[in-house]
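Take a look at the structure set out below.
The values are calculated or read from the model by the stated rules, or taken from the named source; none is laboratory data. Just so you know, these numbers come straight off a predicted model, no measurement behind them. With ideal geometry, Cβ positions are generated from the backbone for all residues, glycine too; neighbour counts draw on all protein chains shown. Each accessible area value is taken on the protein alone, full model and side chains, heavy atoms only, with ligands, DNA and RNA left out. Shrake-Rupley method; radii C 1.70, N 1.55, O 1.52, S 1.80 Å.
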Amino acid sequence: MTTWLLNKTPESLEEIEGLPLETRVHVAIDPKTLSAEEGQLFSVGYRSFESKSESGHHTWSIRTRIKTDNTQISSIGHLGGERRAVTLEDKEHKDWFHCPPELKEAILKSTHLKLVLATPAIFSQGWKPAWLEHEDTANMPKGLHGLKLRLISAAVGRREPVSGWNIRENSAKAVRYMVPAGSVYFFELLEGNSEKILENWLKPVSDNEQDRKDGFGLALWGVWK
């Protein structure tokens, strides 16, 4: 990934198996009769942390960065809607994914920058970030203040839906559509210092502040010329 962000061609791309996806089909329940609604089927996809191979079980882990005043973290926690038990380990700050030095140097020298979404993003204009037009400067991602970027091109995948269940109101949340992870935006820096781009390394760039807090739109930055 670093090689590609440096505008070079990787010698080879290895197929890396991700977390297995387990899909289950459910029947919608009528809240008034508490019985199944005719013709109302829906499917839910789960990421399975329990997989086997010929050599035995795989072990999966998730690395996450949090801000908390709690200095003691329990070694046991829960993950996901079914509250599966997991073990937690407090890592030093250096174990986070920092921008590689050679990539940082290239970004500082270039005005041709590209953004790769590491997680799906939610933009108010569909595939296009509203902050490009500076319509809402007060709600812009912090690292983009003072920069003027011109969109040259974009390679965006098919939109992906996201929803959920509102426990307080006991109803489904409205469907929203995301720009998929892996989408790429190519920019030309017209005003400002590219050093500020580094403030957004693996930081969310979605338009809405709450979406950014929820982790939508983590950004990887590179150069394309």
Ala219 - would you say it is touching a Lys or Arg at 6+ places or on another chain (Cβ under 9 Å), open to solvent by less than 80 Å² (accessible area, probe 1.4 Å) and touching a residue at least 12 places away in the same chain (Cβ under 8 Å)? yes
Of residues in the stretch 176-216 being open to solvent by 30 Å² or more (accessible area, probe 1.4 Å) and part of a strand (DSSP E or B), the one modelled with the lowest pLDDT: Glu191
State the number of residues belonging to the stretch 174-205 that are in contact (Cβ under 8 Å) with a residue 60 or more places away in the chain, closer than 16 Å to Gly157 by Cβ and within 17 Å of the chain's Cα centre (by Cα). 7
Would you pick out the residues in the stretch 173-188 that are more than 13 Å from Leu117 (Cβ to Cβ) and of a type outside the set (A, V, I, L, M, F, W, C)? Lys173, Arg176, Tyr177, Glu188
Within the stretch 150-175, considering residues that are touching a Phe, Trp or Tyr at 6+ places or on another chain (Cβ under 9 Å) and open to solvent by 100 Å² or more (accessible area, probe 1.4 Å), the one nearest to Pro129 (Cα to Cα): Arg150
